[in-house]
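Have a look at the structure below, then the notes.
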Amino acid sequence: MGDPSKRDLVSIEDLSTEEILELFQHADEFRANLSDWSDVCRGAIMATLFFEPSTRTRLSFESAMLRLGGGVISAADKESTSRAKGESLADTVRVVGGSYADILVVRHPEDGAARVAARYARVPVINGGDGAHEHPTQTLCDLYTLWKEKGRLEGLEVVLCGDLRYSRTIHSFCYALARFGANIVTMPYAGFELPDYVLHRLTRDYGVQTVAASVADLPGLAGSSNAAAYLTASKPHQLALFTSLTRFEVNRIDAIYMTRAQRERHAGEDTANYPRLGRNTLGVEAARDARVMHPLPRVDEIDYDVDDDPRSIYFRQAELGVPMRMALMAFLLGKIQLRARPPAATSVEPGIAGGAGLRCRNERCITNNEGVRYLQRDFRLRAEESPPMLACAYCEREIEARFVAQESTRLFHPHAAPAVQAIEIAKRIYFESEAQALAAGFQPAATA
Amino acid sequence: MGDPSKRDLVSIEDLSTEEILELFQHADEFRANLSDWSDVCRGAIMATLFFEPSTRTRLSFESAMLRLGGGVISAADKESTSRAKGESLADTVRVVGGSYADILVVRHPEDGAARVAARYARVPVINGGDGAHEHPTQTLCDLYTLWKEKGRLEGLEVVLCGDLRYSRTIHSFCYALARFGANIVTMPYAGFELPDYVLHRLTRDYGVQTVAASVADLPGLAGSSNAAAYLTASKPHQLALFTSLTRFEVNRIDAIYMTRAQRERHAGEDTANYPRLGRNTLGVEAARDARVMHPLPRVDEIDYDVDDDPRSIYFRQAELGVPMRMALMAFLLGKIQLRARPPAATSVEPGIAGGAGLRCRNERCITNNEGVRYLQRDFRLRAEESPPMLACAYCEREIEARFVAQESTRLFHPHAAPAVQAIEIAKRIYFESEAQALAAGFQPAATA
Amino acid sequence: MGDPSKRDLVSIEDLSTEEILELFQHADEFRANLSDWSDVCRGAIMATLFFEPSTRTRLSFESAMLRLGGGVISAADKESTSRAKGESLADTVRVVGGSYADILVVRHPEDGAARVAARYARVPVINGGDGAHEHPTQTLCDLYTLWKEKGRLEGLEVVLCGDLRYSRTIHSFCYALARFGANIVTMPYAGFELPDYVLHRLTRDYGVQTVAASVADLPGLAGSSNAAAYLTASKPHQLALFTSLTRFEVNRIDAIYMTRAQRERHAGEDTANYPRLGRNTLGVEAARDARVMHPLPRVDEIDYDVDDDPRSIYFRQAELGVPMRMALMAFLLGKIQLRARPPAATSVEPGIAGGAGLRCRNERCITNNEGVRYLQRDFRLRAEESPPMLACAYCEREIEARFVAQESTRLFHPHAAPAVQAIEIAKRIYFESEAQALAAGFQPAATA
């Protein structure tokens, strides 16, 4: 298993807010004085292990490593994704992250795969996108671009438009915006709203409040504006005045973040009227100082004649990805040090083995796919919630644990029963339902 | 859009004759003193973007860049060629030719794609083969090899044999041979003759004259010799004596350039009797000092037992490709300067927008394929021709513009009508046919 | 054809025993002082030509070359394996091993392909696996790991378990173990026994004797132990005591080498009860100091919970592959010199052309596949055997030459006929059977 002192970037939460800001400054320095840093990673090797195709992300990482003077080895073999035969991800990263490479970038179609890689590799692992879970370097690049354009992140009004449901980029970006104190205006294409679990996490972890919003009429994005919502953690006074009948009025837009329909994750949803940002969209007064962002590739959701508008910064986003990734890799390889402190240990309990019956409910989670052969299920407990909340340690999907059992008695109890308090925390066995507990061979305790 | 001061190599015409000769000398120097030049591109990154497979060309470029001390990133993803989904070439090169790489090598199945890449990338673009359009570095390598073998290019007698119809390599090589004053003997396999547009361009741009030729009987190539023709710009006196009943007698051959049947571009043509060069071919007196060339890969058109003949230089061609490409990239990256002047601005008029109705007639042109979404049609006008000739600015296919219209009057005229002279050149709108003009909403002018 | 002074690694026999031991010491040095050696191959380029996928082997070589300061170009194109169209292996290596690269690593699905590559390339060729023939760098890494773990190779008791029939890794390892004086215990899965030709070569070339063996009961491997055999060249006294009724008792195991079922080479054999090494296997006293080895990838034949056992060294095997390959490449590129002498010229006669009728009997041999177009059949004669034995110079498969003919008389004789002695060795033409000789147009000699 991995070295506990090494740093990985599986989730954007693996970096503290202060570390992120410090990395921005290093990225600026790398960019300004590229040739001064062309030997900083000399002798280091990065391996890109892409079990799902992504030319852009891979090339960005490879360019960054070469610009730091390091070497690159690359496996981008779609056939490796075949789950029936072949080697486990754990074995692959133990081999490649043994002596072959000094840092790994992993892209994988299963949620939670990057955490598996980080656990098994002896070297730092960067998540290059794992299923619908996270894509943290895209988020870092997006934040860095916005920070450079606007000089700050706090208090910005950022419109997210299009497919907010299936885009992991959007989800990671939401958490990060909330964390940096930016406000989010969601303008989803109908049927592609932000998922409840994202909203729930925004509320719980960042104190975000949501109200209906009224956005200046933005031609081309009209189909999205009906469902607009305003998500903020920074303006409690204002929002306190709002009722369900009023709407928050957004009249200054700092950025519009467009995203393409993630068709590869769809089940045939209709996208005929998908929003399309054009010159007329940017003609609106509220968008005067807006920046147009897009994680690329674009399909048709931004007109080509917007490319020359100075507010269009999507190619700049891609460009800034290289110095941002340079800073990240130089940091993870120990070639630059940060003064900022790492994120505090999370407040959740240490992992518990859910072997007695729990199973991650996310069917795309690696624990339900290729990991079945070798991964021990592992959940993090948020004991302060009621019912207790268990999050999969790999994909972070949450489960309410409504029943708690004890091995020694083979009895299970409702989570709020006084008997539960008597069970040592480390010995509690959690279940979602009575049926699950019964299936695992436990009996209901007699009612007290 | 691209930096106007940067140099690209989309067509062999993008280099002046003197520049080419100077690059040969640099290639010689790189080859002779390889280790002296192993840092000249240190810190630079080349990206190979291959939307069509070509292991050989890609590896040659990658080797050249590594030998110059630079780095390489590579995308050779056949799936990117899918035109229905995915990113435009323009977007890809803006991203990869933004901060990822300092020079791009692009191979693409559509004619004109390299010009699109050159327009949109901020960094130099080298055409690694675009559809049936051009493959200029292959031509540079061929010329360089022949120049080294024979000490000159002017006045050489070069036999081109096999599939002269579909091979872009052959077409580019023809233009270059004519430009350097070499004479061409075409020995096409029946049905695979040099296309008319190539002959037309040879005549117009290089003053080449064509006569029937009689070539020494070359066993193995017999099937081709019936249609032999002699193309020369350098021997007007001699040719003046020829009538349609005589044939120019080729009795000294300096090089035989074989080419495989380009089956991937065929529509089922029969190649059962395709020419095959063997030991007996080289036993002919006229071939005593000939060199056997081939762009490779060979299939069966040269016997394996010819490989050991000292006149066989096809592997040497491949070998010399590396120093030639080193010289080219060092030049485009500004690492070496040439004393020679760049090609003069072409005599054609600046681009005109053909939006009023013109459409490139080449169905494989990028403007009729993936570029439909975002490219503005663009034609170069050769005003001196009558009817005026318009060449697609991307794939160079030419169209006769038989009708000329004017926006203000919404009337169109035959190209030779006096009324046309009264229209300012920049305001002329060109059409191939009356039907096309009518379809665009213009009316025929009353006869004067 | 290749430079006769260059060294290749096609078979493990291409290195002398002393050279191998000296390479181990260099590997140790590279590993211990990695940064001291990071420039030793600066300026050199390795090409990996993989006509069959193998991410692990390719990445290991690429990492090794980068760690030596060299550059890497790579072609891993499955489509190149298509034999109908496209370029011959000989042409490919002449191009890539011309000026593109300074050393080639070739993997190919046909037996003997690496020898073809070595013959045609001007630069050193390393066999990265050719069909079912050899995979010598895997063997070097296996030996190196075992040597480091046990401090020696001579006299070790090495159990080989699983699919001993189709695994080229196992075959190469057997020869090498015998050569270094280690003893082999075979525990094949039923139906997957070591092939006769491997046993024959072990006997003939290394004096190995085989007796039935009785191995301590190893849970999980039980299905294999019934057929256990003990192969040794070093204990003639002991073995002399054994009769067909007794079994050699193996009560100390130094290593268990597991191998997966090579399903890609199977014809539907049942592997339902394939052996599976688990914690219980290692609980046996005889295995107390055993090391568990595996060439990887593992499928299910070693339980995941064995990974943490200190005796499990399969990930270490992979790790040590990098310094081992560094040492090998530095040697072949002439960057380090060995004091040890190369292997003596083999005792076999120089190659004979078998054009008169012989054909390699191995249907997977490159001479019967893509080489049909251009390879001359070539056999090495072991004249001392009776009947004479001819080994294919490419894939090493042996044929008994029961009949010998002479061109001048057009007669053939049984190999033991006195008339054969009268034929000059270089003029003897060999046949497997009368039918083959007759088919080639020879007549039987009258009985003497």
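The values are calculated or read from the model by the stated rules, or taken from the named source; none is laboratory data. Remember, it's a predicted structure, so these values are computed and weren't measured experimentally. Cβ placement follows ideal geometry from the backbone for every residue including glycine, while neighbour counts extend to all protein chains displayed. Accessible surface is based on the protein model in full, side chains and every heavy atom, while ligands, DNA and RNA are left aside. Shrake-Rupley method; radii C 1.70, N 1.55, O 1.52, S 1.80 Å.
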For this session: For the stretch C:47-64, take each phi angle, set θ = phi - 60°, evaluate the Karplus expression 6.51 cos²θ - 1.76 cosθ + 1.60, and give the result in whole Hz per residue in order, putting x for glycine and proline.
Result: 10, 9, 10, 10, 8, 8, x, 6, 4, 4, 4, 4, 5, 5, 5, 5, 4, 4
Problem set entry | Solvent exposure, largest accessible area first (probe 1.4 Å, DNA, RNA and ligands not counted), of B:152, A:397 | B:152, A:397
Exercise. Which aspartates and glutamates have a Cα lying under 19 Å from the Cα of residue A:427, excluding residues fewer than 8 positions away in the same chain?
Worked result: A:349, A:378, A:384, A:385, A:400, A:407
Exercise. Calculated from DSSP H runs of 4 or more alone, at -39500 (n - 2.57) each and per residue, what is the 222 nm mean residue ellipticity of the protein assembly as shown, nearest 500?
Worked result: -8000 deg cm²/dmol
For this session: Pairs to check: A:148/A:335; C:148/C:335; A:6/A:150. Give those whose C-alpha atoms are more than 27 Å from each other in this structure.
Result: A:6/A:150
Exercise. Can you give the mean number of other chain Cβ atoms that lie within 10 Å of the Cβ atoms in peptide B:310-320?
Worked result: 3
Exercise. Taking the radius of gyration and the Kirkwood hydrodynamic radius from Cα positions alone, what is the Rg/Rh ratio for chain C, to two decimal places?
Worked result: 0.99
Seminar exercise, completed: To the nearest 20 debye, the protein assembly as shown has a Cα-centred charge dipole, built from +1 on Lys and Arg Cβ and -1 on Asp and Glu Cβ, of 520 debye
Seminar exercise, completed: Checking A:419, A:212, A:76 against a Gaussian network model of chain A (alpha-carbon springs below 10 Å), the top fluctuating residue turns out to be A:419
For this session: Spit out the partnerless Cys residues in chain C, using Cβ distances under 4.7 Å as the pairing rule.
Result: C:41, C:141, C:161, C:174
For this session: With the full set of protein chains in place, find how many percent of the accessible area of chain A is carbon and sulfur; take the probe as 1.4 Å.
Result: 49 percent
For this session: Could you tell me the accessible area of residue C:8 in Å² (1.4 Å probe, neighbours in place), rounded to the nearest ten?
Result: 30 Å²
For this session: Between copies, how far apart are the residue C:39 label points? List them in nm, one decimal, shortest first, with each point 7 Å from Cα toward Cβ, please?
Result: 0.9, 0.9
Problem set entry | Other-copy label distances relative to residue B:308, 7 angstrom Cα-Cβ extension, nm | 6.4, 6.4
Problem set entry | Cα-based convex hull volume of the stretch C:138-313 per residue, rounded to whole Å³ | 111 Å³
Exercise. Can you pull the Rg over Rh of the protein assembly as shown, Cα-only, Kirkwood?
Worked result: 1.01
Problem set entry | Nearest-10 value in Å² for the accessible area of residue C:104, using the 1.4 Å probe | 0 Å²
Exercise. Using r as the Cβ-Cβ distance of residue C:205 and residue B:289, and R0 as 51 Å, what FRET efficiency do you calculate, to the nearest 0.05?
Worked result: 0.45
Seminar exercise, completed: The relative contact order of chain C, taking Cα pairs under 8 Å that sit 6 or more residues apart, comes to a percentage of 15 percent
Seminar exercise, completed: By accessible area (1.4 Å), largest first, A:298, C:165, C:119 order as C:165, C:119, A:298
Seminar exercise, completed: With every protein chain in place, the accessible area of residue A:17 for a 1.4 Å probe, in Å² rounded to the nearest 10, comes to 40 Å²
Problem set entry | Accessible heavy-atom area order of C:199, B:338, highest first, probe of 1.4 Å | C:199, B:338
Problem set entry | Rough spin-label spacing in nm, given labels placed 7 Å along Cα→Cβ, for residue B:29 and residue C:212 | 7.9 nm
For this session: Take peptide B:49-62, look around each residue's Cβ out to 10 angstrom, count Cβ atoms belonging to other protein chains, and average those counts.
Result: 4
For this session: Find every distance from the label point of residue A:342 to the corresponding label point in the other copies (7 Å from Cα along Cα→Cβ) and write them in nm, one decimal, shortest first.
Result: 5.2, 5.2
Exercise. In nm, to one decimal, how far is the residue A:299 label point from the residue B:36 one, both placed 7 Å along Cα→Cβ?
Worked result: 5.6 nm
Seminar exercise, completed: Length-normalised contact order of the stretch B:352-447, Cα under 8 Å, at least 6 apart, in percent, tallies to 26 percent
For this session: Describe numerically, in nm with one decimal, the distance between label points set 7 Å from Cα along Cα→Cβ at residue B:359 and at residue A:372.
Result: 5.2 nm
For this session: Let me know the mean shielding of B:64-73 by other chains, meaning the per-residue number of their Cβ atoms within 10 Å of its Cβ.
Result: 5
